[in-house]
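In what follows, a structure is listed as structure tokens, so that the remarks can point back to it.
The values are calculated or read from the model by the stated rules, or taken from the named source; none is laboratory data. Keep in mind it's a predicted model, so treat the numbers as computed, not measured. Reconstructed Cβ throughout: ideal geometry from the backbone, glycine too, with neighbour counts over all protein chains shown. Calculation scope for accessible area: heavy atoms of the full protein, side chains included, ligands and nucleic acids excluded. Shrake-Rupley method; radii C 1.70, N 1.55, O 1.52, S 1.80 Å.
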Amino acid sequence: MNEMLEYGFMQRALLAALLVGTLCSTISFFVVLKRLSFLGAGISHTSLGGIALGLITGVDPVISGSVFAVGTAMSTGYISRIGKISEDTVIGIYYASGMALGIALISSFKGYYPELFALLFGNILSVSTHDLIFMALAMVIITAFVVIFFRELVMICFDEEMAEAGGLPVVVIYMGLLAAMGLTVMVSIQLAGVVLVAALIVIPGATAYRLSKNYRAMLFLSIVFGLVGSFGGLFISYYYPVPPGAAIVLVLALIFALAMAVRPLFENARQNKLE
Amino acid sequence: MKEVIKADQVQVELGGTEVLEGITFSVLSGELTGIIGPNGAGKTTLLRTVLGLVPIRKGQLEVFGVPVARLKEVRPRIGYMPQRQSFERRFPLSAADVVGGGLLTSETLLRRVSAKDEKIKTALHFVAMESYHNRPFQDLSGGEQQRILLARSLVRQPELLLLDEPNAGLDFPAQQSFTELIQSLKKEKSLTVLLVSHDLMSIASAADKLVCINRTMHIHGHPTDVLNSASLDEAYRCQFDLISTLDKGGSHS
Ligand SMILES: Nc1ncnc2c1ncn2[C@@H]1O[C@H](COP(=O)(O)OP(=O)(O)O)[C@@H](O)[C@H]1O
Ligand SMILES: [Mg+2]
């Protein structure tokens, strides 16, 4: 345990786990309430195209990946809002073409081949100080956005029609949420990888949703599960040759299964209290 | 009595389709006006137009004497209860949270909502649901949920209330008690109410006036005529007409 902390890469990975765990589970709260899970998977796969483009052209891959991620999220929201094409169709198209672009670019560039596996499934050795700075920046921006518009975000998730009738800038706030989601997915890819990152913005919220009847409790539980998942996964991938993305998702899935198992106990306790 | 809503030959287009046309009616202060018409007739669109959420293409519409273009000024005086499908029933909110949502407007962005708890309690009192304050919304029955949503539409103490099929999906006793609640609120608070409903019988007995639409205007029944059978008859016939028009074309959509 102590020796683990002596490695610079591990210190960075732990800090990344803290940032990614908190960010993903906060966004997960909204993803579950607004049913945006499929979009999460779409964003991550599309951003592979952006990352690869960065690696090839020399642009910082975090920047080019973010442009793809945020662009995918916001344009999907925009296109489906105009209403001509359904959301799943748009995501389906982005999903495949972004991934295809990424694979094609990386494969044709022999030198980058070893990085593909890390990109797809995450690598605890790969978190650089530069990535951490970017994660922290994303954390600050997204936290500010969520804190400032928290009531409105919850209202828009619950009943958009009513939010609109109250004169709230529904589209602007919703687009902000999508951008935050894109950014979160992108910065988490360093740790969890393209293929599995979407689970980080689905499972914590989904587990918390099952256990709570109030959004405050749900948000709190979501963050707790997110952190347990990201730290737990990191430890596993330190001691065993498992990529962190896979380890984190397995821990999260285990928590979900446990939560399902204990849920009836929760309900009984509540029932007894009421009687 | 003052005119709260005045519509004159209103025409509305959505996505290039004409959804409402030639809508002319007026609602006087303190009246309960029922809006009827088949599915897709444009009832929800009519309410959204009155709220200023949908622009009108032709004609004139005034709410509290203010033309729709400047409706922002009078929006705080309007309470709205959207149609049932617009929200998620299992959402993790308490009854008080749901009611408090009605206080969030463009004016409260980046600001504290003043006297929030008081306002929520008062609104819950209006619908006789004070004791449900902390109850999870998802645990309530359909009828109780509708009352909480009604409280939400009342939380800013509006003068005009727009209700979109509040009775849909409720069992008969719940429907009746909800309609009675609206009638008594209307009396106590001298509210003006625009009520969309599919339930012709209960709306005919509760309303002071009926407006029957299907894209265009069909009947605009006067308070005294509403309960007499001839006008009810006409309302029914209008419904049948509408249904047959709809069948013939399946057209305008
Ligand atoms: N945003 C929109 N774009 C295009 N058509 C719409 C839109 N919203 C509603 N409509 C159409 O307008 C008509 C009236 O809808 P609505 O007002 O919801 O009817 P009702 O509430 O009476 O069932 C329907 O044919 C519907 O398909
Ligand atoms: Mg409707």
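Computed quantities for the displayed model
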{"quantity": "Residue in segment B:34-54 that is within 14 Å of chain A (Cβ to nearest Cβ) and more than 16 Å from ligand 2 (Cβ to nearest atom) present", "calculated": "yes"}
{"quantity": "Filter result (more than 15 Å from the chain's Cα centre (by Cα), crowded, with 17+ Cβ neighbours inside 10 Å and assigned to a helix (DSSP H, G or I)) within segment A:237-249", "calculated": "A:S237, A:Y238, A:A247"}
{"quantity": "Residue satisfying all of: in segment B:92-116; within 7 Å of another protein chain (Cβ to nearest Cβ) and of a type in the set (S, T, N, Q); most open to solvent (accessible area, probe 1.4 Å) among these", "calculated": "B:S106"}
{"quantity": "Count of residues meeting criterion [away from ligand 1 (no atom under 16 Å from the Cβ) and at pLDDT 95 or above] in segment B:158-180", "calculated": "4"}
{"quantity": "B:P166 vs. criteria in a loop (DSSP other than H, G, I, E, B), more than 21 Å from A:G167 (Cα to Cα) and open to solvent by less than 70 Å² (accessible area, probe 1.4 Å)", "calculated": "yes"}
{"quantity": "Residue check, B:L210 more than 16 Å from ligand 2 (Cβ to nearest atom) and crowded, with 22+ Cβ neighbours inside 10 Å", "calculated": "yes"}
{"quantity": "Filtered residues of segment B:124-143 (kept if more than 18 Å from A:A163 (Cβ to Cβ), surrounded by 15 or more Cβ atoms within 10 Å (Cβ to Cβ) and among the hydrophobic types (A, V, I, L, M, F, W, C))", "calculated": "B:L124, B:F126, B:V127, B:M129, B:L140"}
{"quantity": "Options A:I63, A:I91, A:I85; residue that is within 16 Å of ligand 1 (Cβ to nearest atom) and of a type in the set (A, V, I, L, M, F, W, C)", "calculated": "A:I85"}
{"quantity": "Subset of segment B:77-91 (residues that are under 18 Å from B:P158 (Cα atoms), at the interface with chain A (Cβ under 9 Å from one of its Cβ atoms) and either in a helix (DSSP H, G or I) or out of contact with any Asp or Glu (no Cβ under 6 Å at 6 or more places or on another chain) (or both))", "calculated": "B:I78, B:Y80, B:M81"}
{"quantity": "Breaking point among (1) farther than 21 Å from A:P169 by Cβ; (2) within 16 Å of ligand 1 (Cβ to nearest atom), for B:L32", "calculated": "(2)"}
{"quantity": "B:P158 vs. criteria away from ligand 2 (no atom under 16 Å from the Cβ), outside any strand (DSSP E or B) and touching a Lys or Arg at 6+ places or on another chain (Cβ under 7 Å)", "calculated": "yes"}
{"quantity": "Top-ranked residue in segment B:62-76 [being among the aliphatic types (A, V, I, L, M) and within 20 Å of B:L191 (Cβ to Cβ); ranked as farthest from the other protein chains (Cβ to nearest Cβ)]", "calculated": "B:V66"}
{"quantity": "Residues (open to solvent by 70 Å² or more (accessible area, probe 1.4 Å) and among the aliphatic types (A, V, I, L, M)) located in segment A:1-30", "calculated": "A:M1, A:L5, A:L15, A:L18"}
{"quantity": "Elements of type helices (runs of 4 or more DSSP H) in segment A:159-219, at least 1 residues being at the interface with chain B (Cβ under 9 Å from one of its Cβ atoms), more than 23 Å from A:G65 (Cα to Cα) and open to solvent by 20 Å² or more (accessible area, probe 1.4 Å)", "calculated": "A:160-165, A:203-211"}
{"quantity": "Matching residues in segment A:25-40 - criterion: being at pLDDT below 95 and within 11 Å of A:I203 (Cα to Cα)", "calculated": "A:S37"}
{"quantity": "Residue list for segment B:140-155, filter: more than 12 Å from every other protein chain (Cβ to nearest Cβ) and within 16 Å of ligand 2 (Cβ to nearest atom)", "calculated": "B:Q146"}
{"quantity": "Residue check, B:F64 within 17 Å of the chain's Cα centre (by Cα) and modelled with pLDDT of 90 or more", "calculated": "yes"}
{"quantity": "Complete set of residues in segment B:5-56 that are among the aliphatic types (A, V, I, L, M), outside any loop (DSSP other than H, G, I, E, B) and open to solvent by 10 Å² or more (accessible area, probe 1.4 Å)", "calculated": "B:L14, B:V19, B:L28"}
{"quantity": "Some residue of segment B:129-136 being within 13 Å of chain A (Cβ to nearest Cβ), of a type outside the set (S, T, N, Q) and in a strand (DSSP E or B)", "calculated": "yes"}
{"quantity": "Inter-residue pairs, beta-carbon under 7 Å, first closer than 13 Å to A:F134 by Cβ and in segment A:45-71, second surrounded by fewer than 24 Cβ atoms within 10 Å (Cβ to Cβ) and among the basic types (K, R), 6+ apart", "calculated": "none"}
{"quantity": "2 or more residues touching a Phe, Trp or Tyr at 6+ places or on another chain (Cβ under 6 Å) and surrounded by 14 or more Cβ atoms within 10 Å (Cβ to Cβ): qualifying helices (runs of 4 or more DSSP H) within segment A:85-152", "calculated": "A:87-107"}
